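A short worksheet on the structure shown next.
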Ligand SMILES: [Fe+2]
């Protein structure tokens, strides 16, 4: 792919239907808009792009991510007693396994157990009113090679295409409502012993649960997935939450070695980014 203002990008496919490693970008320089357009085009085709050894720091990561649109800052909740580890960068979500003092988060802690929900296939920020588009995840510090920590992706476009027409018709028009607490409860039931749903929502959840479970099982079959192994600090992966799911693979590094990962999240700017709230658009929150 030839970029008029920059170098040609080359790609190495990672799966028959989606995902590629992308080469040809010098991240030590501002990335030209023409190259950003080429990355967008490649994202539409691949859904997941892997960039090795970018050498980006936090500020460079944010500058690059901003070139794709408005960044989510709502995931970072700052409390007087719990400073954001990556402050002042509220555009970066901390998805590492260390606390503010650089210590490993203990396995028995709520923070660790809550994080186990990342091991379930999901799309980022699905519990927000506004949908996430691209997630841009960078490795700041990795555990030793061979101790796990990969990220698995599932091609939901192909999985949807392969569904029977009857199921597609059945699903048409459904809108999902997701609470992150629900995922935490599935992933770590002993640490999340409560529900946050109202009594009158029980019947809806009862009906939708088997449908969601069946669709997740379908889309997470081996034939729709591949795993990115993080190789070096500075590796960066972009995925489009509107066409792939992902999950953290875990591994023997957990509770033993630091895995410091930082994510910028670009809002989806399509007409369906706000779900039904876009029809008509109502004042939700700024
Ligand atoms: Fe995620």
Task: Count of residues meeting criterion [within 17 Å of the chain's Cα centre (by Cα) and within 17 Å of residue 232 (Cα to Cα)] in region 22-73 - done: 4
Task: Where a residue in region 104-131 is more than 18 Å from residue 148 (Cα to Cα) and its partner, wherever it lies, is in a helix (DSSP H, G or I) and within 14 Å of the ligand (Cβ to nearest atom), with Cβ under 6 Å and at least six apart - done: 114/184; 127/180
Task: Members of region 95-152 found to be part of a loop (DSSP other than H, G, I, E, B), over 23 Å from residue 58 (Cβ atoms), modelled with pLDDT under 95 and over 12 Å from the mean Cα position of the chain (by Cα), listed by number - done: 106, 107, 108, 109, 127, 129, 130
Task: Matching entry among 56, 92, 71 (being within 16 Å of the ligand (Cβ to nearest atom) and more than 24 Å from residue 254 (Cα to Cα)) - done: 71
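The values are calculated or read from the model by the stated rules, or taken from the named source; none is laboratory data. The structure displayed is predicted, hence computed values, not measured ones. Heads up, the Cβs are rebuilt from the backbone with ideal geometry, glycines too, and the neighbour counts pull from every protein chain shown.
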